[in-house]
Amino acid sequence: MTGADAGDMRIPVLRGLAATAVAAGLVSSCTRAPSSQPTSPPQPTRPVQTARSAQNLAGLRDVQPCPGIAGFSCGSLMVRLDPFGSVPGRLSLRVAVSDVASAPRGVLLFLTGGPGEPGVPFVPRLLERLGSALDGYRLVMLDQRGTGAGALDCPALQRQMGASDLTVPAPAAVRSCAAAIGPDRRFYATADTVADIEALRAALGVARLTVDGVSYGSYVAERFALVHPGEVSRLVLDSVVPSWNVDPLQLVNMRQSAAVLRDVCAAQRCGFDPASDLAAVVRRYHDGPALLDMLVALSVGDPSFPGVPAALHAAAAGHPDALTALMARVRAADAATAGELSQGLHASALCADMPMPWGGPDTPLAGRPAALARAVGRLTPAQVWPFDLATAAGNGFIQTCLHWPPSPAPSPASPSPETVHAELPRIPVLLLAGGHDLSTPLAGARAQAALAPDGHLFVVPTAGHSVQNRAAGDPAAAELARFLG
């Protein structure tokens with residue numbers, strides 16, 4: 001998840017690509033309950049000339065050249081709102097497909113993160129970053145349900161959280177978002193997106209997909225491979241959210257912040273311990289959730305953490321102005337529209353999927369605070385240092401889902417807890433991780449690599465979140481090209 005907590009669905013957000021999405025002309029739409037909207041039956045795809053005629057796009061409707069994206073055709077994939085039941089309604093998901101004349105290596109489906117990011121607007125950025133690694137493949141990108149032009153838009157929650165996983169929202173904004181989406185919010189879990197990908201595979205007329213997922217996209221890729229092992233030829237998992245999801249208490253993320261800050265300080269020859277300073281600031285100002293939010297955001301946007309050690313050192317000595325100003329700047333930079341990263345979809349998916357201290361998404365609201373208090377009460381200070389227990393209980397993941405109204409548990413088609421801890425299919429798997437990533441820490445990639453029988457973990461020590469898309473100098477480019485070649 002770009003953000004979702006380390007160990008859970010770190011939304012792997014590709015936050016740094018927000019400007020690209022805006023440049024691509026992305027426009028968000030207002031939220032509505034999809035099943036309540038009239039839908040017309042799918043129309044036949046219009047005939048398309050040139051290289052597109054060599055593709056099997058009969059399963060998509062309204063195929064035409066993608067506006068502003070040379071060499072790609074865009075169309076709509078019609079899917080059922082309720083893939084596993086009988087609730088009426090359909091969704092139209094935007095799809096971009098490369099117009100390459102031939103693709104001897106097959107289709108590569110690239111999945112963005114969040115949850116909440118669209119896919120199609122990022123095509124130009126990915127072509128630039130992945131380059132020759134895509135040779136022989138037909139690149140396909142999908143606006144997952146609830147994103148892009150069909151974004152679930154909750155204005156108050158969106159303003160408060162932007163592109164963040166961990167900003168603490170007002171309970172009223174959470175409740176109003178859930179009410180605006182309505183009962184259909186239960187159809188935006190990962191299991192539903194996995195069903196959409198299988199529908200996309202069938203629409204493209206291919207037997208198997210190569211799937212490359214970043215952050216939350218890695219989680220979706222893993223879940224697709226577990227449910228449809230015969231339909232996946234290989235996986236790239238970047239900024240890995242393990243198949244069992246992230247820990248909403250963010251224990252690994254908090255502890256890892258100490259190691260990352262010390263590594264940054266050693267490179268800068270600070271002469272002091274930034275982890276001890278962070279612990280002192282949390283004790284003095286009781287601002288753990290906001291500090292964790294800032295550090296995670298910087299691990300996505302600038303994993304060199306500019307100015308952070310000095311600001312923490314000054315704040316620990318009783319001079320917080322520099323740190324306060326830095327936190328405000330990072331928070332302002334994290335602003336995003338629903339079309340760039342939908343917080344309505346983010347909450348719908350995370351609160352359906354994440355293993356919470358109170359149980360599943362159908363747990364009544366009244367019992368959740370006590371269950372959370374019991375879980376946090378069992379923790380030791382060492383498990384959260386350099387943060388505190390209040391940070392574990394008060395981070396944005398927990399506080400969003402604490403107030404998200406009960407919904408039925410995800411479809412029985414979802415992998416069981418036993419299954420998601422099972423080995424991935426015996427296919428080639430490349431796992432990419434940044435040593436400075438506090439959104440999806442390295443520990444998650446290592447744990448998932450241990451369950452990938454034909455997997456290889458490639459670590460970029462000073463990179464942050466989203467190695468393929470953001471790491472300076474494309475340090476993983478050669479590794480990716482070898483793996484996909």
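The values are calculated or read from the model by the stated rules, or taken from the named source; none is laboratory data. In this text the structure is predicted, and so the values were computed from the model without any measurement. Because the Cβ atoms are built from the backbone with ideal geometry, glycine has one as well, and the counts that use them run over all protein chains shown. Keep in mind that these areas ignore ligands, DNA and RNA; they rest on the heavy atoms of the full protein, side chains included. Shrake-Rupley method; radii C 1.70, N 1.55, O 1.52, S 1.80 Å.
Helical runs assigned H by DSSP (4 residues or longer) give the chain a calculated mean residue ellipticity at 222 nm of -11000 deg cm²/dmol, each run adding -39500 (n - 2.57) before division by the residue total. In this structure region 344-485 gives 38 Å² per residue of accessible area when probed at 1.4 Å with all protein chains present. What part of the accessible area of the chain, given as a whole %, is carbon or sulfur when the probe is 1.4 angstrom? About 58 percent, which is the carbon plus sulfur part of the accessible surface. Using the charge dipole of the chain (Lys, Arg: +1 at Cβ; Asp, Glu: -1 at Cβ; taken about the Cα centre), state which of Pro386, Ala422, Ala267 has its Cα farthest towards the positive end. Sorting the options by dipole projection puts first Ala422. The slack in the chain from Arg90 to Arg269, taken as 0.36 nm per residue of separation less the alpha-carbon distance, amounts to 58.7 nm. Taking region 111-246, how much of its Cα-Cα pair set, in percent, is spaced more than 27 angstrom apart? Here the tail beyond 27 Å accounts for 24 percent of pairs.
Projecting the Cα atoms of Val194, Leu157, Ile181 onto the charge dipole of region 149-204, computed from C-beta unit charges around the Cα centre, puts Leu157 farthest toward the positive end. Between Leu379 and Ala328, full extension at 0.36 nm per residue minus the direct alpha carbon distance yields a gain of 15.3 nm. Across region 59-72, rounded Karplus estimates of 3J(HN,Hα) from the backbone phi angles (6.51 cos²θ - 1.76 cosθ + 1.60, θ = phi - 60°) give x, 9, 10, 6, 6, 7, x, 5, x, x, 10, 5, x, 10 Hz, Gly and Pro being marked x. Label reach from Ser176 (point 7 Å along Cα→C-beta): in region 260-290, no amide nitrogen lies under 11 Å. Placing a label point 7 Å from the Cα of Asp62 along the Cα-to-Cβ line, the residues of region 83-102 whose backbone N sits under 11 Å from it are 92-95.
Projecting the Cα positions of Ser466, Val107, Pro369 onto the charge dipole of the chain (unit charges on Cβ atoms of Lys, Arg, Asp and Glu, taken about the Cα centre) puts Val107 furthest along the positive direction. If you take the beta carbon distance between Thr462 and Arg105 as r and set R0 to 30 Å, what does 1/(1 + (r/R0)^6) give as a FRET efficiency, to the nearest 0.05? For Thr462 and Arg105, the calculated efficiency is 0.45. Diagonalising the gyration tensor over the Cα atoms of region 198-256 and scaling each eigenvalue by 5 before taking the square root yields semi-axes of 28, 10, 8 Å, largest first.
Available extension along the chain between Leu365 and Ala335 is 7.9 nm, counting 0.36 nm per residue and deducting the alpha carbon span.
Normalised per residue, the accessible area of region 60-197 is 30 Å², obtained with a 1.4 Å probe and no contribution from ligands, DNA or RNA.
Secondary structure note: in the chain, about 40% of the DSSP beta bridges are antiparallel. So which DSSP H runs in the chain come out at 24 Å plus along the axis (Cα) with average Kyte-Doolittle of at least -0.5? Qualifying helices: 251-268. Along its first, second and third principal axes, ordered by size, region 365-485 spans 53, 38, 24 Å in Cα coordinates.
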